[in-house]
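A.B. asks: Can you read through this structure? Questions will come right after.
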Amino acid sequence: MSGERSRLKRMAKAVGDELVRQGFAPTSHTTKETEPAGWYANVAQWPDRHEAAATPEIQVFLDRTLSDDTSNFWFGFSSDHEYMIDTLIEAVGIGKYADFDLKTDVDLEQVAAHSGLAREHADAFYFGKYDVGFRAQSDADLATEAADFIAQIVYAADPSVQERHDIEAIENDSSLSKTERRALVLARRGQGKFRADLFAAWGACALTGVETSALLRASHIQPWAKSTNRQRLDPHNGLLLSANADALFDRGLITFDDKGRIQISPRLSKQERKRLGIRSDMSLSRTPSLKQIPYLRMHRESFKS
């Protein structure tokens, strides 16, 4: 038992260190016991968020709900506020996950044997991922899996975290000239020549026709993380979109075919479509160029997944 707790402490540090490399703020890795469930540790914090109630805790947990023979590694988020956990789930658009209310007569054996996504209500609200391979997998593999899962959800819920991380990576890239670094930083922020090129090409939101500059975003079609530096500055890899349309496009809730016709994810309810003014008969204000089509096809692959 003490050996597993020691391993969890090592895992907590490894997950926290990986998250710090991805732009998160460090926190304590001290493991704390919760009878009879096991041990947990807070591993990182949202960057630039100092109020405890501002964001969920980022944690790892060793679940020992049933017995010393059952060890289930969990990583994810906890909060005293249910809406925070539901906001994370909604931001990522996760459709299927187990939902356990541990305050009722839930089957603990089912919980302990679960592997995959889960939302829970116990002393607080939780959302994360169980991995029953705690004993079989290496520390490095589990730490990478946990950090990547946590980062993916935070980046979706709060894109500014990903943006700050990307900008730090650009500024620390010694292979780039000062001019190249400045161009890429401005492009990542949706500013500079990339934004100017999109204004020249579209003049207004490519979907809604909104013209007010303050409401428009220079949106990358192929995600920044999957693009080369050349593609990040390529105006064909961009659409000028209103803030709402940009958020929908960025999260894969809408996309466009080769003719510019909208495709809407089933994750966006009819009620939400109506509120946002999104209709199935909408199209881009002009047909995508031959150079834009490959980028849109890449975006549609993300849309399908």
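The values are calculated or read from the model by the stated rules, or taken from the named source; none is laboratory data. Keep in mind the model is a prediction, meaning the values are calculated, not measured. Note that we place each Cβ from the backbone using ideal geometry, even for glycine, and neighbour counts take in every protein chain shown.
A.B. asks: Of the residues that make up region 266-285, is at least one surrounded by 13 or more Cβ atoms within 10 Å (Cβ to Cβ), at pLDDT 95 or above and not aliphatic (A, V, I, L, M)?
C.D. replies: For region 266-285, residues surrounded by 13 or more Cβ atoms within 10 Å (Cβ to Cβ), at pLDDT 95 or above and not aliphatic (A, V, I, L, M): present.
A.B. asks: Might you check whether a residue that is over 30 Å from ARG5 (Cα atoms) and either surrounded by 14 or more Cβ atoms within 10 Å (Cβ to Cβ) or assigned by TED's automatic domain parsing to the domain that holds TRP74 (or both) occurs anywhere in region 135-142?
C.D. replies: Applying the first criterion (over 30 Å from ARG5 (Cα atoms)) to region 135-142 yields none.
So far as region 135-142 goes, no, none of its residues is over 30 Å from ARG5 (Cα atoms) and either surrounded by 14 or more Cβ atoms within 10 Å (Cβ to Cβ) or assigned by TED's automatic domain parsing to the domain that holds TRP74 (or both).
A.B. asks: If you scan region 5-42, which residues turn out to be of a type in the set (Gly, Ala, Ser) and surrounded by fewer than 18 Cβ atoms within 10 Å (Cβ to Cβ)?
C.D. replies: Quick first cut of region 5-42, residues of a type in the set (Gly, Ala, Ser) only: 6, 12, 14, 16, 23, 25, 28, 37-38, 41.
SER6, ALA25, SER28 - these are the residues of region 5-42 that are of a type in the set (Gly, Ala, Ser) and surrounded by fewer than 18 Cβ atoms within 10 Å (Cβ to Cβ).
A.B. asks: Can you pull out the residues in region 179-205 that are touching a Phe, Trp or Tyr at 6+ places or on another chain (Cβ under 9 Å) and closer than 18 Å to GLN292 by Cβ?
C.D. replies: ALA187, the sole residue that qualifies.
A.B. asks: Return the residues of region 186-204 that are modelled with pLDDT of 90 or more, of a type in the set (A, V, I, L, M) and crowded, with 21+ Cβ neighbours inside 10 Å; say none if nothing qualifies.
C.D. replies: Hit for region 186-204 is LEU198, nothing else.
Residue-wise test of (1) part of a helix (DSSP H, G or I); (2) closer than 15 Å to HIS121 by Cβ; (3) modelled with pLDDT under 80.
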position	(1), (2), (3)
SER67	no, no, yes
THR70	no, no, yes
PHE77	no, yes, no
TYR83	yes, yes, no
ALA91	yes, no, yes
GLY95	no, no, yes
PHE100	no, yes, no
VAL106	no, yes, yes
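A.B. asks: A follow-up question, please. Quick check on region 205-226: of everything there that is surrounded by 15 or more Cβ atoms within 10 Å (Cβ to Cβ) and small (Gly, Ala, Ser), which residue is nearest to GLU301 (Cα to Cα)?
C.D. replies: SER219
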